[in-house]
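Heads up: the structure comes next, in structure tokens.
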Amino acid sequence: YLYSYLMGKVGQGVQKRIRDDLFKHMQKLPVSYFDSRTNGDIMSVYTNDVDALREMLSRALPLVIAAFMQLITSSVIMILTDLSLTAVVIFFAFLIFLLTKFVAMKSAKNFIAQQKEMGLTNGYIEETISGQKVIKVFNYEKRNIEGFEKHNNELYQQSLRATRLSNVLMPGVNQLGNVLYAIICIMGALFFYYKVPSFSLLGIRPFQIEIITSFILYSKLFIRPIGQISNNFNVIILALAGSSRIFEMMDEKEEEDQGYVLLVNAKEGENGEPVEVEKRTGKWAWKHYHKDSDSYSYTWLRGKITFDDVDFGYVKDKIVLHNITLYAYPGQKVAFVGPTGAGKTTITNLINRFYDIADGKVRYDDININKIKKEDLRRS
């Protein structure tokens, strides 16, 4: 009970910490990260991938550690008993290692593909649920079902390939163990019959019947933990595939912000100039820091937006907006009209610096928005 409780606590505790770290990190990622991935794919990292890691930590890892301890103990006892039979066991252990390596290399890529496809399938489901009204209005149900079946079938195929290979491992290990059992019986009987001396670290002695019987037991004790490890092979590989997606998200670069112009509460001074105050006044000012003189200057927030020959592309080599020049004065209403893909939303994203432009200038109250701290720019 205590073991189960502790491992459950460790698994759930690690799961909680990973999700906390993922969520904190996600808040600092740029909008471009979310535009290039579906919500369902990101959600799959929080659910499927993190849960696969928890399963390994709470169930598979303790069994693997215990199995390794049993392997070491059995090896030491066998070396102290007889070196010739120990060499046979080590030879079979090497064969098992080659089998495990072969299966691992073949199935690992399938497990990774399975986790990725699971994320894509979840993303498709999430988009379908959120866009259900649009699907109904445009009678898109049939094509939507076909799209889901395509994703679901690919997930089925990847899962089948992964489990088919990994499930070969344990029967293979067991069969090699049975062959080893028979070989030890035959060799032991021959050594005993022909009175071959037994060599061990304890010295040379006549080959006795108890060496055979004990070695049969030791070979079972040696092969059993390998079987246990291979039995948890699926869980381990799945967790490694999930952890690669977790760390891929954790390694994403956070949104950079080198802005130094701040937005502050202000009131009017004697000459109408802005004066910074702590309390909210309903009036706002831009606070400029001047490096050369180590001083600040203030200008009122007006709301003037200017685009000067702006070029932009979501991908560096593919510019989608060319030489955009426009202005919007304080209080003026400006409408963007055009078909889907014309760049209406893109322009508003550039004002908020969700993306950085390739060329030109975007100014807010005649201040280059690259100089304004992003949090203050968006708050304004």
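Return an integer: the convex hull volume of the alpha-carbon atoms of the range 215-367, in Å³ per residue.
283
Excluding ligands and nucleic acids, what accessible area in Å² is computed for residue 160 using a 1.4 Å probe, to the nearest 10?
60
Report, as a whole number in µm² per second, the diffusion coefficient that Stokes-Einstein gives for the range 339-380 at 25 °C and 0.890 mPa s using the Kirkwood radius over alpha carbon pairs.
On the way: Rh = 11.0 Å.
Here the translational diffusion coefficient equals 223 µm²/s.
Given just the C-alpha atoms of the range 167-216, how large is their convex hull per residue in cubic angstrom?
76
Tell me the Rg and the Dmax, in Å, that the Cα atoms of the range 30-92 produce.
Taking only Cα atoms of the range 30-92, I get Rg and Dmax of 22.4, 66 Å.
Any of 133/374; 291/318; 24/267; 28/318 with alpha carbons more than 30 Å apart? Name them for me.
Values: 133/374 35 Å; 291/318 36 Å; 24/267 36 Å; 28/318 26 Å.
Pairs exceeding the cut-off: 133/374; 291/318; 24/267.
Using mean Cβ contacts within 10 Å as the protection proxy, how do 162-169, 365-372 order, highest first?
Going from most to least packed, we get 162-169, 365-372.
Please turn the phi angles of the range 317-331 into ³J(HN,Hα) values with the Karplus equation 6.51 cos²θ - 1.76 cosθ + 1.60 (θ = phi - 60°), one per residue in order, whole Hz, x for glycine and proline.
Once rounded to whole Hz, the list reads 7, 10, 7, 10, 10, 10, 6, 7, 10, 7, 8, 9, 7, x, x.
Over every pair of different alpha-carbon atoms in the chain, take the mean of 1/r and invert it; report that Kirkwood radius in Å.
After inverting the pairwise mean of 1/r, the radius is 27.3 Å.
What are the aspartates and glutamates whose alpha-carbon lies under 16 Å from the alpha-carbon of residue 304, with same-chain residues fewer than 8 places away excluded?
By straight Cα distance, residue 304 reaches 365, 366, 376.
Within 10 Å, count the other beta carbons around each residue, average over each peptide in 44-52, 84-92, and list them highest first.
44-52, 84-92
From zero up to wherever the largest Cα-Cα distance of the range 95-249 sits, split into 10 Å bins and tell me the percent of pairs in each.
10, 24, 20, 16, 12, 9, 5, 3, 1
Report, to the nearest 10°, how far helix 233-250 tilts away from the longest principal axis of the Cα atoms in the chain, using its own Cα long axis and a range of 0 to 90°.
Tilt of helix 233-250: around 20 degrees.
For the range 85-148, give the percent of accessible area contributed by carbon and sulfur heavy atoms, probe 1.4 Å, rounded to a whole number. Working shown, then result.
Details: 2820 of 4030 Å².
Ligands and nucleic acids excluded, carbon and sulfur give 70 percent.
Can you compute the equivalent ellipsoid semi-axes for the range 220-308, i.e. the square root of 5 times each eigenvalue of the Cα gyration tensor, sorted largest first and rounded to whole Å?
On the way: eigenvalues 787, 39, 35 Å².
Equivalent ellipsoid of the range 220-308: 63, 14, 13 Å, largest first.
In Å and whole numbers, how far do the C-alpha atoms of the range 262-342 stretch along each principal axis, longest first?
49, 34, 20
Please compute the per residue accessible area over the chain with all protein chains in place, 1.4 Å probe, rounded to a whole number of Å².
61
Against the longest principal axis of the chain, how steep is helix 141-193, in degrees 0 to 90 to the nearest 10, with axes from Cα atoms?
30
Report, to one decimal in Å, the Kirkwood hydrodynamic radius for the range 65-123 based on all distinct Cα pairs.
Value: 14.3 Å, from the Cα pair sum.
Can you give the convex hull volume per residue for the Cα atoms of the range 1-118, as a whole number of Å³?
Residue-normalised Cα hull volume stands at 137 Å³.
Note the angle between two axes, namely the Cα long axis of helix 83-130 and the longest principal axis of the Cα atoms of the chain, as a number of degrees from 0 to 90, rounded to the nearest 10.
Approximately 30 degrees, to the nearest ten.
Could you give the alpha-carbon Rg of the range 49-166 over 2.2 N^0.38 Å, rounded to two decimals?
In units of the globular-protein estimate, the range 49-166 measures up at 1.72.
Suppose R0 equals 45 Å; then what is the FRET efficiency for residue 27 and residue 66 from their Cβ-Cβ distance, rounded to the nearest 0.05?
Computed FRET efficiency for residue 27 and residue 66 comes out at 0.70.
Need the full-extension length gain, residue 220 to residue 6, defined as separation in residues times 0.36 nm minus the C-alpha distance. One decimal, nm. It would help to have the intermediate numbers written out before the result.
Values: separation 214, 0.36 × 214 = 77.04 nm, distance 2.95 nm.
Between residue 220 and residue 6, full extension yields an extra 74.1 nm.
Over the alpha-carbon set of the range 120-163, divide Rg by the Kirkwood Rh and report the Rg/Rh ratio to two decimals.
Values: Rg = 12.3 Å, Rh = 11.2 Å.
Expressed as Rg/Rh, it is 1.10.
Within the range 8-47, what whole-number % of the accessible surface is contributed by carbon and sulfur, with the 1.4 Å probe and all protein chains included in the calculation?
Result for the range 8-47: 58 percent of the exposed heavy-atom area is carbon or sulfur.
How long is the gain from residue 278 to residue 317 if the chain were fully straight, where each residue apart is worth 0.36 nm and the alpha carbon distance is subtracted?
Numbers: separation 39, 0.36 × 39 = 14.04 nm, distance 4.55 nm.
Fully extending the segment from residue 278 to residue 317 adds 9.5 nm.
Mind listing the long-range amide H neighbours of residue 198? Cut-off is under 5 Å, sequence gap 5 or more, other chains count too, H placed in the peptide plane at 1.01 Å from N.
205, 207
When N counts the residues of the range 128-196, how does its alpha-carbon radius of gyration compare numerically with 2.2 N^0.38 Å, as a ratio?
2.55
Using the basic label-point model (7 angstrom from Cα toward the beta carbon), what is the residue 358 to residue 295 distance in nanometres?
4.2
Over the Cα atoms of the range 299-380, how large are the radius of gyration and the largest Cα-Cα distance (Dmax), in Å?
So, for the range 299-380, Rg and Dmax equal 12.6, 38 Å respectively.
The values are calculated or read from the model by the stated rules, or taken from the named source; none is laboratory data. Keep in mind it's a predicted model, so treat the numbers as computed, not measured. As a convention, Cβ positions derive from the backbone with ideal geometry for all residues, glycine included, and neighbour counts pool all protein chains shown. To get the accessible areas, we keep the full protein, side chains included, count just its heavy atoms, and leave off ligands, DNA and RNA. Shrake-Rupley method; radii C 1.70, N 1.55, O 1.52, S 1.80 Å.
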